[in-house]
Amino acid sequence: MTHANHTVEKIGGTSMSDYPSVRQNIILSERDSDDLYNRIFVVSAYGGVTDKLLEHKKTGEPGVFGLFANAESDWAWGDELTRLSRHLCEINAKLFSDQMLAQQADQFITERVEGVRNCLLDLQRLCSYGHFQLEEHLLTVREMLAGIGEAHSAFNTALLLQNEGINARMVDLTGWRDNALLPLDEKIRLTFENIDLSRELPIVTGYAQCQEGLMRTFDRGYSEMTFSRIACITDAGEAVIHKEYHLSSADPNIVGKEKVVPIGRTNYDVADQLANLGMEAIHPRAAKGLRQNDIPLRVKNTFEPEHTGTLITRGYVSEKPQVEIIAGRKSVFAIEVFDQDMQGEPGSDRKILEVLARFKTRFITKDTNANTITHYLDSTLRQVKRVVKALEEVFPNAEITTRKVAMVSAIGSDMQVPGLLARTVRALADEDISILAIHQCIRQVDMQFIVDEENYEKSIANLHKALIEPHNHEYAIVAA
């Protein structure tokens, strides 16, 4: 398959917060003026802004949306929106030394924020009448608020580049005051029909309003879907994601920076396994489009521009079977349903899945035997308690228990190594780490081990030591 010669590149929120590095290492990157174009940049909101708009991604502390959706006070969300507006203008003050440019940036974002404020006030008044229910409009509110962050960063980036004589153009996909609600692909196609990539540098909002409602499916992962669809619709030669770290053989904060190495090559299957653990190089649904269109994905470290990064392709398989990455997830909730009536009775798992779907709770993996089904959930304790209560109603005779655990996984594009599982189990046992559950499927691209949460870091470090370090990283540093 032959692709066009342009790239589509996504810049993450942490990277966006360091504009000098974005400018020097990504936009300019020692290019002459003729080489600046034939690139499309999809930008995230500045670090922490989406947390303030929606809710904190890790702690769940409510932002503007959380306060509006659960309004005990009619003014709490408005006060938070005022604080947010002030914060966005403070970001502008750090970015723009030119007073006229700073004023232009402040005016843009203030008008956007106040427009949203007026809309929410109107909605609140409308829903004070019994015919209109606020819950029916919350997803739209969430999407409208999310779009503020990307509009802010895209406008600023385009303005800063224009001031340097670069023909940058903000491409606002947030739907602000649009007259029509289009499918995502059609919206992208119509937008880029009028852009000359050889002469213009599009700076595109990571959030795109569309008929499908990106947040309904992807929630905070919406920018990766926008990025992926732009790459597919414009037939990009390569998709690039700029992050604040390398895709490495393990977490350097656990294993040690001197022991881990960036992964030079891997495939989309490995990327999916990482996403399942919440350590995504890219959302699986976003990766699907790139894989189907045979578009390679490169993951680069914003702060090490000289490194070629990790190249992810559809058909890559390591030259010899091996483990490439040790990854994991802490604070996983295991819900175990034990019911002797399960044996020989189909449908028990379906009933559990229906409960999980009702509470929009994602499970990472599960295991079953004759009378027990255990799901390992990526969720909060509050949500787990709600799920357990519902399960007790569905299975009145069952024993339902919960436990907080950790999951550690060995991942590779080809792990069909005789004795690998035994070697891995021995590496944990030698450190007196009890294995609570093991998962390995025939495809052999990953092995998952459930351990006590207190043994998480110890397990990661020891598996990396046993499975990767003895090989002197020879297979981890494959040239990209």
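The values are calculated or read from the model by the stated rules, or taken from the named source; none is laboratory data. Being a predicted model, the structure only gives us computed values, none of them experimental. As a convention, Cβ positions derive from the backbone with ideal geometry for all residues, glycine included, and neighbour counts pool all protein chains shown. The area values use the complete protein model at the heavy-atom level, side chains included, leaving out ligands, DNA and RNA. Shrake-Rupley method; radii C 1.70, N 1.55, O 1.52, S 1.80 Å.
Some points to look at:
- Residue pairs, from the table Lys52/Lys366; Lys10/Lys52; Lys10/Lys288; Lys57/Lys330, whose Cα atoms sit over 24 Å apart: Lys52/Lys366
- Set of aspartates and glutamates with alpha-carbon distance to Lys458 below 13 Å, sequence-local pairs under 8 removed: Asp251, Asp430, Glu431, Asp432
- For the stretch 398-452, with all protein chains in place and a probe radius of 1.4 Å, 46% of the accessible heavy-atom surface sits on carbon or sulfur.
- For the stretch 139-206, the set of GluC sites (Glu not before Pro) satisfying both a DSSP loop assignment and a count of at most 11 other C-beta atoms within 10 Å is given as Glu164.
- In sequence order, calculated HN-Hα J values of the stretch 188-196 (Karplus, 6.51, -1.76, 1.60; Hz; x Gly/Pro): 5, 4, 5, 5, 8, 4, 9, 10, 8
- Cut-off of 10 Å, at most 14 other beta carbons, DSSP loop: longest stretch of the chain lacking such trypsin sites (Lys or Arg not before Pro): 59-176
- Value of Rg/Rh across the stretch 212-271 [Cα atoms, Kirkwood radius]: 1.07
- For the stretch 160-277, the Rg and Dmax computed from alpha carbons only, in angstrom: 17.7, 54
- Low-density loop cleavage sites - GluC sites (Glu not before Pro) in the stretch 60-128, where at most 15 other Cβ are within 10 Å (DSSP): Glu72
- Among beta bridges from DSSP that stay inside the chain, the antiparallel ones total about 65%.
- Note on the stretch 372-424 and the stretch 323-337: Cα centroid distance 8 Å, given to the nearest whole angstrom.
- Above 25 Å, the calculated P(r) of the stretch 21-148 contains 39 percent of its Cα-Cα pairs.
- Cα-based reach from Lys360 at 13 Å (exclusive), listing aspartates and glutamates while leaving out same-chain residues under 8 positions away: Asp219, Asp378
- Residue-wise HN-Hα couplings along the stretch 55-63, as the Karplus relation 6.51 cos²θ - 1.76 cosθ + 1.60 with θ = phi - 60° gives them from phi, are 6, 5, 4, 9, 8, x, 4, x, x Hz; Gly and Pro carry x.
- Mean accessible surface per residue for the chain, computed with a 1.4 Å probe while every protein chain stays in place, in Å²: 48 Å²
- For Glu9, the residues whose modelled amide H falls within less than 5 Å of its own, excluding neighbours fewer than 5 places apart on the same chain, are Ile40, Phe41, Val42, Val240.
- The alpha carbon convex hull volume per residue for the chain rounds to 172 Å³.
- Mean silhouette area of the stretch 1-96, derived from the convex hull of its C-alpha atoms and averaged over all directions, reads 9.2 nm².
- Extension reserve of the Ile442-Gln104 stretch, reckoned as 0.36 nm per residue once the Cα distance is removed: 115.9 nm
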